[in-house]
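Comments concern the structure below.
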Amino acid sequence: MTNTIRASEPCELLALVPYQLGFVPRDSVVLVGLRGPRRRVGMMIRTDVADVAHPFDGPQLARNLVAAAARDGASSVVVVLYREQDLRGGEHLDAEATEAFDALLEALGDALEIRGVVAVGTRTYHEVEPDGTLSTARPLADLESTAVGARMVFDGVAVLADRDDLGRVPVVTAAHRRAAARAAREHALPLPDAEGGSGGWRARSLAEWRGAVRAAQRDASAPGTVRGRPTRYGRIGEALEDKRVRDAVLVTLVPGTGDVAEIFCGSDGRERTEDVGFVVRVIVDPEVAIAPDTALLEPARVVLRQVVAHRDNGSAPALTLLGLTAWWTGHGAEAAVWVDRALEVDPFHSLARLVREALDAGLPPGWVRRARDAGR
C-alpha cells in the first residue's frame, strides 16, 4: 500500500504513520524511509523512545534501525518522535527524547539524508530544529483532513488505539478453559509404540485442525465469539506442542501444498522434511516467494486465536504462527506483538526467535522484497 504513496507535506506523512503501523504510536520513535528522488514512502520502523535513549543499548539499536531502512532502499528518512505529553513551541525536547534523538543522529551520520524530524505530542505536533527546539505548534486535528487520511477511510482501513490491541484474543470463561485443559491432557502425544503410533495421532490432530478451520470459514463472525467446542481448541493446542504437527499446520497455510501436510504427519513423514523447508522458503525467499492468500489465512488465524484463548498461559506455537502469518502479510507491528508474547511463554522457542530476528533486522517477507526490488 505505502509503496505507491508519496508524502509531499509533513502532515500527510504523519497521517500515514498510524495506518501503516496499524495503531497510534505512543512514546515511540518511528523511522520513515524514503526511496529515491521521488521520495516514495518505504519501510516504517517503530521502537520505544526509552530503548533508543538507553545509555548502553540505545546506540546499537539506533544503528540497527538505520541499517534496516538502508536495506529497504531508503535514501533519506524522516524521524518522528511520539511523546505522551503536551508539547509547546519554543521549548526543547524532554531529556529522554533528546537522548533518543542524539543516538539516531549519530547513527544516521552520512549514511542517509535526514529530510525532517517531527515531534508529536498529545494535542499538537512540531518540527524539530537541529538544536532540539520545537517549532510553532500545529494541532493534531489537522491530520484528520489530509488526503492520506481520506484515502484510508475510503478504503476502510482501521487504526487501533493502542499497540496492545493488535494482539487481542477472544475472552472465554474459566469453565471453557478447564474443559480445554482436560481435553489437552487426554490428547497428549502417545509413546511411539502405543496403539496407533504417533503417526496416527498426528494425522488425527491435523484432521482436527482442518475441521476447525473449515468451521471458521463457514462462520464469518468467529473472530469475536467462541465458536466450536472448547475441547477441540484444547486438543489442537496440545497437538501444536509437537513440532511436526506445528510444521504441518504451517504447510496448510500455504496455497497449493495439497496433501503434503498429511504425508508429513504420517509415519514416514520425516522423508518429506524437504517439502516443509520449501514451504518456509516461499514465505521468506524472494526468488521463490508467493504472496499469502488471506482467504486461506484468516480462518486459520481465527482458530489460532481461539487456541491461545483456551490454553492456560497461552500457546507459544499458536502465538508464533500468528506472528509468522502477520509478518507474511506485511504487518510487522502485529507480528512483533504475537512473537514477543510467544517468547514470554517459551523464551527458547526456535521459530519465534527466528521471526523476532527477522523483525529486528527489518527483513520483509519474500514477496514484498521481490515487489520492492522490481519497482526500483
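When A335 is tested against the conditions (1) out of contact with any Pro (no Cβ under 9 Å at 6 or more places or on another chain); (2) more than 20 Å from F23 (Cβ to Cβ); (3) in contact (Cβ under 8 Å) with a residue 24 or more places away in the chain, the lone failure is (2).
Restricting attention to segment 25-48 and to residues that are more than 16 Å from A336 (Cβ to Cβ) and not charged (D, E, K, R), the residue that is surrounded by the fewest Cβ atoms within 10 Å (Cβ to Cβ) turns out to be P37. When L324 is tested against (1) out of contact with any Leu (no Cβ under 9 Å at 6 or more places or on another chain); (2) touching a residue at least 24 places away in the same chain (Cβ under 8 Å), only condition (1) is not met. Please go through segment 107-146 and pick out each residue that is assigned to a loop (DSSP other than H, G, I, E, B), of a type in the set (G, A, S) and under 25 Å from R71 (Cβ atoms). Result: G109, A111.
A single member of V213, V251, V276 is modelled with pLDDT of 90 or more and in contact with a Phe, Trp or Tyr (Cβ under 7 Å, 6 or more places away or on another chain), and it is V251.
Tallying residues that are of a type in the set (A, V, I, L, M, F, W, C) and under 19 Å from T294 (Cα atoms) within segment 231-256 yields 6.
Here is the figure for segment 49-63: residues that are within 30 Å of R370 (Cα to Cα) and either touching a Gly at 6+ places or on another chain (Cβ under 8 Å) or buried (at least 17 other Cβ atoms within 10 Å of the Cβ) (or both) total 3. Exactly one residue among A326, A309, A316 is at pLDDT 90 or above, in contact with an Asp or Glu (Cβ under 7 Å, 6 or more places away or on another chain), buried (at least 19 other Cβ atoms within 10 Å of the Cβ) and assigned by TED's automatic domain parsing to the domain that holds R235, and that residue is A316. If you filter segment 8-47 down to residues that are in a strand (DSSP E or B) and of a type in the set (K, R), you find that the one that is nearest to Y125 (Cα to Cα) is R46. Of everything in segment 59-106, what is assigned to a helix (DSSP H, G or I) and more than 20 Å from D131 (Cα to Cα)? Give them in sequence order. Q60, L61, R63, N64, L65, V66, A67, A68, A69, A70, R71 - these are the residues of segment 59-106 that are assigned to a helix (DSSP H, G or I) and more than 20 Å from D131 (Cα to Cα).
The values are calculated or read from the model by the stated rules, or taken from the named source; none is laboratory data. Please read all numbers here as calculations on a predicted model, not as lab measurements. All Cβ positions, even for glycine, are placed from backbone atoms using ideal geometry, and neighbour counts span all protein chains on display.
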